[in-house]
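First the structure, in the form of structure tokens, and then the observations on it.
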Amino acid sequence: MNNSKAVNNLKKSLDKLEKAAQQIVSTRGYTKEVENIRMLNEMIREQLINENINCSTRKIR
Amino acid sequence: MKILIVQLARFGDIFQTWPVISALKRTYPYAEIDVLVRERFSEAMNENLHVSKTIKLSTAEILSSIIINNDEESCLKRISALCSELKNQDYDSIINLSFSPFSSYLVSAISQPKSTVLGYTRFSDGYLCIPDDVSAYFYAQIGIGKANRVHLTQVFAGVAQIDLVDEDWNCQNLGTENLETLAEFNLPLKKFIILQVGASQEEKTYGIDKWSQVINHFKKLSNIALVLVGSSDEKDLGEKIQQSTNGANIINLIGKTNLSQLSQIVRGSCLVVSGDSLLLHVASLTQTPTLCVSLAAVNFWETGPLAPESRIIYGETRDDIASDRVAKEILCMTEETMSGNPILYRTSYGPVAFEFVNYKFEDFSWHLIEAIYMQKPFPTICDADLAHGMLRLNELAQLAIQQLDEISFEKKMDIQVELLSQVDTMLEIIPRLVPALAPLVSWFQTERLRIGPNSLEQVLSLTKSKFFDLKIITDLYIPNSNDSGVVHADTNILT
């Protein structure tokens, strides 16, 4: 998870998924699909801000 | 009864969850208790006999297709499969001890209508849902730089709605699987001290130079062996220390032990010396006295050592803690005497586990927390900025209540809406200007956050009631306000 390509890919997907979630919310409201996307987004964020650098897990909330 | 504990933090938090698992098993002896942990830290559950199943969350596996070729669809399928698998377990109770956004979505996705959910989850509209008061306490008051003094293990127990008793900390099986470990490393039972010089974060550690100085002081005081432990990527730290501490009785095991062996070594030692680290939490479970050298990067109140007789030496920075003082404290702990220096002493397994010894320390913010959450008296104010900040909060609460009263859905309400928005802005500014008031504002904002999806009228009414609560508290500090007889702040300051 340390190489820059992996980080770039994670950031790219995060952005894409966030837009997709917003679009679904604006048309169909908060659905299971959105819940899964948001879950995946948070998992990606944890990688970007938590596991890749040395801050404590509890900071992300 | 099936219980799932979601603990997605690291080694330290997983070990701090052990007493909660013991307490759950003691309370519900026939319950099936599963624990969801990250694969990377799952080893910390290996020796827990109360757990029926350790479920491992592999982040790397779930995210692999994004990392390789930005294939989000495959990741979503894996997330969906994970949720279905967990949901199909049909848990009666899900206890989320992770306090992270990811865990809140996960818990929301895997809970059944009949499940009791404790800890963070999500409302039906996707907003963060904090169903229990202890999780709300965590959200508002816990973390680095905050005034909380409640130990994290007690917070976990509070979320699980369970009372801990002393025996829950005594995890007798931890560190007993490899009885040959002490012999393997030639360690004499209860006649050596363990020293962990590294930690997961550089800012948590006392530093190699400082530890070397400690050892050089200690070798003049005692010949008890110091056993260095740590992970394999800390091997160079051990070598550096050995080079700079000639003549010291050191056994360097850095990088030579696995977690199970480490637990056994901790159990076999007479004392553990460490910063905020995994070792400290293992020592709490094996009841090994610990000296923790704690810096500002950690809130020792939350994660300090809980084994009886443990002590903490605290300094904002490394330079605030003299190395000879640490060496002397180590010696005193091996001799079971007091050094006379300022320390924090572990006094109980209760919510606040430590007491100041030879310190004079007043903390308005902590007393404010005690008053808000623990029915203690509200602290008096002896600071002009605090009095001023409290007055402004009271005015904001009154202004917000007035605006909320005036809001009607039949006509335009631009002024009221704008004023309420300004109140929100001021509520962010005040704790920055008067940090001692942060616990009060944080409590208030968290209570507002807990208002769930509802009709607009209901949301307005609930919001108003929260502002009333804020007003009631701040009224206590306003001269001549209509209070319930609680002792006032120093009114002279306000005039």
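With a Förster radius of 45 Å, plug the Cβ-Cβ distance of B:GLN201 and B:GLN375 into 1/(1 + (r/R0)^6) and report the FRET value to the nearest 0.05. It comes out at approximately 0.80. Here segment B:2-134 has 49 percent of its accessible surface on carbon and sulfur atoms, given a 1.4 Å probe and all protein chains in place. Backbone geometry of segment B:216-224 corresponds, through the Karplus equation with coefficients 6.51, -1.76 and 1.60 at θ = phi - 60°, to 3J(HN,Hα) couplings of 5, 5, 5, 5, 7, 9, 7, 10, 4 Hz, x marking Gly and Pro. Phi angles of segment B:137-144 translate, via the Karplus equation with coefficients 6.51, -1.76, 1.60 and θ = phi - 60°, into HN-Hα couplings of 4, 4, 4, 7, 10, 9, x, 5 Hz per residue; Gly and Pro are given as x.
Between rounded, prolate and oblate, where does segment B:280-422 land on the alpha carbon gyration tensor, with a ≥ b ≥ c its root eigenvalues, rounded for a/c under 1.5, else prolate if a/b exceeds b/c?
Working: a/c = 3.32, a/b = 2.80, b/c = 1.19.
Taking the square roots of the gyration eigenvalues as a ≥ b ≥ c, segment B:280-422 is prolate.
Compute the Cα gyration tensor for the protein assembly as shown, then decide on rounded, prolate or oblate, letting a ≥ b ≥ c be the square roots of its eigenvalues: rounded whenever a/c is under 1.5, prolate when a/b is larger than b/c in the other cases, and oblate in all that remain. Verdict is oblate for the protein assembly as shown. Looking at segment B:223-285, the accessible area is 34 square angstrom per residue; that uses a 1.4 Å probe and ignores ligands, DNA and RNA. Within the shell defined by Cβ-Cβ distances under 11 Å, the residues around B:ASP469 carry a net charge of +2, with Lys and Arg each +1 and Asp and Glu each -1.
Give me the residues in segment A:24-40 whose solvent-accessible area, probe 1.4 Å, is reduced by at least 20 Å² once all protein chains are included instead of the chain isolated. For segment A:24-40, once contacts with the other chains are taken into account, A:TYR30, A:LYS32, A:GLU35, A:ASN36, A:ARG38, A:MET39, A:LEU40 lose 20 Å² or more.
Computed over neighbours whose Cβ is under 15 Å from that of B:LYS190, the net charge equals -1, Lys and Arg +1, Asp and Glu -1. The accessible-area ordering, largest first, of the residues B:ASP414, B:ASP236 stands as B:ASP414, B:ASP236, per a 1.4 angstrom probe.
Potential lengthening of the chain between B:ARG318 and B:SER421 amounts to 32.8 nm, from the contour at 0.36 nm per residue minus the alpha-carbon distance.
A straight chain from B:VAL352 to B:GLU239 at 0.36 nm per residue would run longer than the Cα-Cα distance by 36.9 nm.
Residues of segment B:48-93 that lose at least 40 Å² of accessible area (1.4 Å probe, protein heavy atoms only) when the other protein chains are present, relative to their chain alone, are B:THR59, B:LEU63, B:ILE66, B:ILE67, B:ASN70, B:GLU72, B:LEU76, B:ILE79. Leaving out ligands, DNA and RNA, what percent of the accessible area of segment B:289-395 is carbon and sulfur, probe 1.4 Å? Reported share for carbon and sulfur atoms: 52 percent.
Candidate cross-link partners of B:LYS114 among the aspartates and glutamates, defined by an alpha-carbon separation under 12 Å and a same-chain spacing of 8 or more, comprise B:ASP90, B:ASP92. Using the Cα gyration tensor of chain B, with a ≥ b ≥ c the square roots of its eigenvalues, what is the shape: rounded (a/c below 1.5), prolate (a/b larger than b/c) or oblate (neither)? Oblate, because a/c is 1.5 or more while a/b does not exceed b/c.
Would you tell me the mean number of C-beta atoms belonging to other protein chains that fall within 10 Å of each C-beta in B:101-113, as a whole number?
Whole-number average of other-chain Cβ neighbours for B:101-113 is 4.
The length gained on full extension between B:MET1 and B:SER231, counted as 0.36 nm times the residue separation minus their Cα-Cα distance, comes to 78.9 nm.
Averaged over its residues, segment B:2-134 has an accessible area of 37 Å² per residue, based on protein heavy atoms and a 1.4 Å probe. Among the listed pairs B:LYS360/B:LYS471; B:LYS190/B:LYS328; B:LYS411/B:LYS464, those with a Cα-Cα distance over 28 Å are B:LYS360/B:LYS471. Taking a sphere under 9 Å around the Cβ of B:ALA438 and counting the other residues whose Cβ falls inside, with K and R at +1 and D and E at -1, yields a net charge of +2. In terms of distances greater than 28 angstrom between alpha carbons, the cross-link table entries B:LYS219/B:LYS240; B:LYS53/B:LYS235; B:LYS87/B:LYS466; B:LYS191/B:LYS220 yield B:LYS53/B:LYS235; B:LYS87/B:LYS466.
Surface composition of segment B:148-252: carbon plus sulfur atoms contribute 44% of the solvent-accessible area (1.4 Å probe, protein chains only, all chains present).
Each residue, B:GLN89 and B:GLN458, gets one label point 7 Å from its Cα in the Cβ direction; the gap between the two is 3.1 nm. Averaged over the residues of peptide B:277-288, the number of Cβ atoms from other protein chains lying within 10 Å of each residue's Cβ is 0. Summed over both chains, the area buried between A and B is near 3300 Å², taken from the accessible surface of protein heavy atoms with a 1.4 Å probe.
The values are calculated or read from the model by the stated rules, or taken from the named source; none is laboratory data. Owing to the predicted nature of the structure, the values given are computational and were not obtained by experimental measurement. Reconstructed Cβ throughout: ideal geometry from the backbone, glycine too, with neighbour counts over all protein chains shown. Side chains are part of the model used for accessible areas, which takes the heavy atoms of the whole protein and leaves out ligands, DNA and RNA. Shrake-Rupley method; radii C 1.70, N 1.55, O 1.52, S 1.80 Å.
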